[in-house]
Structures are given as structure tokens and as C-alpha cells.
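K.L.:
Following this message is one structure expressed as C-alpha cells.
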Amino acid sequence: MDRLNNGLCQGLNLPGRRPFARANALCRETAIDTCRALGPNSEPMMVSRFFQAVVLILGVLAIDLQAATSLDKDFNAPPAAARPWVYWYWFNGNLSADGIRADIAAMKESGLGGAMLFDVGYQPRGPVENRSRQWYDLVRLAVSEAAARDMKITLTCPGWEASGGPWITPELNMQELVWSETHLRGPQHLTATIAAPFSRLGYYQDVALLAFPTIANDIPLKDLKPVFKKSTGEVLSGIEGILDGNPDTGATLPGQFEIVFEKPVELRSIYLVTTWKHWAWNVRLEAFDEEQNKFRLVSDKLRSYYAGYVSSFVGGTSFPAVTAKRFRMTFPNKEQALIQELDLRGSFRLQHWTTKAGFGCERIPPGMPEEQAVFHDIIPLGQVLDLTSKMSKDGKLQWKVPAGDWTILRLGHTARGNKVNVPAWGGEGLECDKLSREAVDFDYDQTLKPVFQELGPELVKRAVAYCHVDSYEAGWQNWTRKFAGEFKSRRGYDLVHYLPALTGRVVGDQETTERFLWDFRRTIGDLFADNYDRRLRCL
């Protein structure tokens, strides 16, 4: 029994580990009690297996005792990794060395482990300009004070959002696909300048020039020459900006208004863009029934869910065809409708195509039935013609137009104009292109690399925890300069002939179009992950 006791306890008692002393005493008592219970005639094998089980159980018990002791110790004196952090706002250059020292000292005294440093606006302008010599000196002071107290600091771009600043040019800004439409009839020998799409900040690059047979009833609202009226019948003026194909123009209309035509027209789809100030909306479109002498519901499927600055407040959908002279649009619970672009057509568009094509990130309600395209709604894939090589740099096209009605799409990309949100003075500027590695690298070289060079590698290692990208409010984008090549390498086919699907049209068939749009969104997501999130981790 003594040998069993000594062996068992020796197996549990690791030298220099005081927590095992209690297990030692317990194992001796257990060994004595067990041997008495088994008796002198117990089989050796049975005794051996029994004690192996006891060793295992008591080993686990000993580890638990050690863990409990460590937990008690860490709870009473938490290690640095377990301490809470705080947001540390530097308000618009209102900074001083004494204030920074006092802040860091107060954080340490309160038991904090670190601070997430943000240079934000809001307050009146202070004496220190963002990224000035004085600013760099104060950042070094803050990190040094933190290091001296075993604390950490995180850094970010000006403002509190994502990545950008005054060094980001329109070319490096987040990009969006844009297009213009030209309708013509053949046969004819065409020599004409194809209108370029709208652009922002003076930056635009062509992507492709395509032509395809015009689908049924595909007439823009502006060509139907509608009259906008209040519900009282008073004609509304100044609405040209919502019909010009440029979502950066617009007009303020009543929360309910009518669209009146000279004669009945057939409508089947709607496209709407509002300003972010409009917040979320759920639009009701109604048609006036002459026989019943009342408005009846056409569609209430067009909606924009509130997502702050992230939301593009854009929507596009189809509904069963309806013919009427008077239509009414209502924005429930809105006194005014801040509309930037509105288009109603008799042609088919995919439901929620604006989200599916990456112009917004609104939620598509699950289980919502889809309107189905019929034969005359579909563009045959083989009849999508790539005319890009026939257009000169100034937009002039020479083309022998085949017989029939044709639509020409001139597609390109322009800057979205997204700006860094509430930056401190000196840090105002554009957000960088999140789908472009070159843009992200350039932004890093201007934002964080100079700070790290000022601090030096030793101080960075001691007290800079990471680059902090706060709640994402930089908005959405669906293009970048190398998008077409990235799509082909990742998805295995060329997207050029499917580009009309990004305007809501059906190419080939509805299932094929939906599959393409899925591939398109997947490519956006992959580029965002690879060239932004993952790239920032590597830098």
C-alpha cells in the first residue's frame, strides 16, 4: 500500500507547483481508503487499473485547482490583455501635451488597458492641424505615455470610419458603374457622338459600348412627357432634375403626388433614387381606375431600408403591367419626397435589380415572389454586340445599324464621391477605392506609414495594437478600374455581353441573368475581402 500511495502521489506532485499540495494530501487519503476497501486478496490487475483511473481523475482535479487559483489572482489583478479599452476622441485639433498626459494618466488610474484614437470634427477648430508637424509630435507623445504605463493605442484614418483623406484623388475614390442610353432605328449608316454618362468630380472612364435589340415598351419616362401634379391638381414645376439620368440632380416633391399623361400608357417597372436625408422609404404606386373612379394599388414592393450613410437609397423593381392616364406615388409618413432620379417604363426589369447589381446593399425580403420575364422582355445573348472598338476616345461611333429598333449602352465608371466622415480639420477628403489594392496601398502609405515612421519600430511594437476600422459607413461601390479582368479570372468567363443585366434587363434568360448577378456580387465581395480587409491585415 505504501508503494501504491507513494507512486500515485509522486505522479501528481509536480515539483515547485504549490497548488498540487492539496491534491497530495487527498491522494494519500484516497489510496489508504481504497486499499482497505479492496482487501489483501485483490487482483493486482484490478488494483492497477483502479489506480490509473484515480490518477486521471485527481490529475484533472489538480489542474482545476490550479486554474481556480490563477483565476482568483487574475481577477484581483487583471493582466493587460483583460483590461477594458475606451474610445479616445481628439476633437478637431483641440489638443495639448498636458491634456494628453492627463488623459493617459487618468486611463491608467481607472484600470484601462488602452485607447482607440480617433481624430474627429464636431467641435470648433483647434490649433493643431491633422497630419501637421505638431500633430505628429502629439501622437508620438500619446503613444510614448501609453507605452510607459503598459497600455496600447490604436490608430485610424481621419474621422471615424474607414480609409481615406485629402490625398485620395477621384481616380482612387470608390467607383460606381454608370451608363447612358441611346435609342435608334435601322437600317442606317450611323456616324454620331454617343453621349457619355454623368460623372462626378471630373473623373470618368469608359468600360464598354454595347448595342442590342430594344425590348418591348422600353421608353424612358421623360420621353412619355408626363406632367407632375399635387393631389389638389396644381402642376409641379422644376422636376427636370429627376428625369435627366443624373442621380446627383433632383427635386423636392410632396410626399404624395400624381404623374399624369396625355393618353393612357402601360407601365411595368419603376426605378427610384432619393437622397440619404430622406432616410428609409416604402413607396406606394397606384393607378387611377376610370371605371371605378378611384386609385388602385399597383405596387408597394419598392422600399429602402435605413442603413445610415451605408444605404444608397436606390430601388428598382417590376410589377404586373397596368395601363392608365394617372398614377399616384405616395411616400407614407413623409411630407416631402427628396427625389434624385425617377423612371417609370412599360418594359420589364428584374425585381430589386439595383441591389442585385451592387448599387445598394438593401435587404431583399425573403420569400417575395418574383415577376417573370416573357419572350419579348429578353435580350438574346447572341444579339448583344460589342461596339467598343468602333468608338473613338471622344465618343464618336461609326456603325452600320441593322434593321430594327436598337438600344446603345455606353457604360463607364466614375467616382462615387464618398468622403471621410466627420474628420478633424486638415483630414478632409475622399474615401479610397475598397476594391483596388493599389488604392488601399496608397492610402496606407499616406495614413499610417508616416505615423509608424515617426514613432519608430520599437515604440510601435510596444504600444501600437492595430489599425482600427470603425463601423463601416463609407457607402457602397460596384466597380473598380480592374474589375472586368478580376471578374474573368475569378469567375472564368467574360462579363462584357452580360453588362446590360446591370441595368435591370434580362440577358439570355432570367435564370442565367440571376446567376450572372450572383457572380457579379460575389466578385465585389471577394475584392472587398482580398484588397481591403485582408490587405490591411498584411500591411
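Please treat every number below as a calculation from the coordinates, not as lab data. Source: prediction; values computed, not measured. In this analysis, Cβ positions are derived from the backbone assuming ideal geometry, glycine residues included, and neighbour counts consider all displayed protein chains.
K.L.:
Which of the peptides 412-423, 100-111 is most tightly packed, and how do the rest follow, going by the mean number of other Cβ atoms within 10 Å of each residue?
P.N.:
Ranking, from highest mean packing down: 412-423, 100-111.
K.L.:
Normalised by the residues of the stretch 75-153, what does the relative contact order come to in percent, with Cα pairs under 8 Å and at least six apart?
P.N.:
Numbers: 103 pairs, mean separation 31.2, N = 79.
For the stretch 75-153, the relative contact order is 39 percent.
K.L.:
Now, a different point. Taking the Cβ-Cβ separation of Lys488 and Asp300 as r and a Förster radius of 41 Å, what is the calculated FRET efficiency to the nearest 0.05? Mind dumping the intermediate values first?
P.N.:
Numbers: r = 39 Å, r/R0 = 0.96.
With R0 = 41 Å, the Cβ-Cβ based efficiency is 0.55.
K.L.:
Using R₀ = 60 Å, calculate the FRET efficiency as 1/(1 + (r/R₀)^6) where r is the Cβ-Cβ separation of Phe75 and Ala403; round to 0.05.
P.N.:
That pair, Phe75 with Ala403, gives E of 0.10.
K.L.:
Classify the stretch 196-295 from the C-alpha gyration tensor, please: rounded if a/c falls under 1.5, else prolate or oblate depending on whether a/b exceeds b/c.
P.N.:
Since a/c reaches 1.5 but b/c is at least a/b, the shape of the stretch 196-295 is classed as oblate.
K.L.:
Continuing with this model, one more query. With the crude spin-label approximation of a point 7 Å out along Cα→Cβ, what separation in nm comes out for Tyr466 versus Asp248?
P.N.:
Label at Tyr466, label at Asp248, 3.6 nm between them.
K.L.:
Going through the cross-link list Lys229/Lys334; Lys396/Lys482; Lys222/Lys488; Lys325/Lys356; Lys152/Lys482; Lys230/Lys301, which pairs have a Cα-Cα distance over 26 Å in this structure?
P.N.:
Lys222/Lys488; Lys325/Lys356; Lys152/Lys482
K.L.:
So, in nm, how far is label Tyr87 from label Glu511 when the simple model puts each one 7 Å beyond its Cα toward the Cβ?
P.N.:
Reported label-point gap for Tyr87 and Glu511 is 4.9 nm.
K.L.:
How do the peptides 236-248, 371-383, 205-217 rank, highest first, by the average count of neighbouring beta carbon atoms within 10 Å per residue?
P.N.:
Put in order of decreasing packing, that is 205-217, 236-248, 371-383.
K.L.:
Once phi is turned into θ = phi - 60°, what whole-Hz ³J(HN,Hα) does the Karplus curve with 6.51, -1.76 and 1.60 give for every residue of the stretch 205-212, x standing for Gly and Pro?
P.N.:
Calculated HN-Hα couplings, in order: 9, 5, 10, 6, 10, 10, 9, 7 Hz.
K.L.:
While we're looking at this one, here's another question. Full-extension gain between His376 and Trp167, please, as 0.36 nm times their residue separation minus the C-alpha to C-alpha distance.
P.N.:
Computed gain between His376 and Trp167 is 70.3 nm.
K.L.:
Applying 1/(1 + (r/R0)^6) with R0 = 30 Å to the Cβ-Cβ distance of Lys396 and Gln336, what FRET efficiency is obtained, to the nearest 0.05?
P.N.:
0.10
K.L.:
With a point put 7 Å past each Cα toward its Cβ, work out how far Arg535 is from Arg185 in nm, to one decimal.
P.N.:
Inter-label distance under the simple model: 4.9 nm.
K.L.:
Name the residues whose placed amide hydrogens come within less than 5 Å of the amide hydrogen of Val265, ignoring near sequence neighbours (fewer than 5 apart) on the same chain.
P.N.:
Excluding prolines and chain starts, which carry no amide H, the hits are Ala324, Lys325.
K.L.:
May I ask you to order 170-177, 147-154 by the average number of other C-beta atoms within 10 Å around their residues, highest value first?
P.N.:
Per-residue mean Cβ counts within 10 Å order the peptides as 170-177, 147-154.
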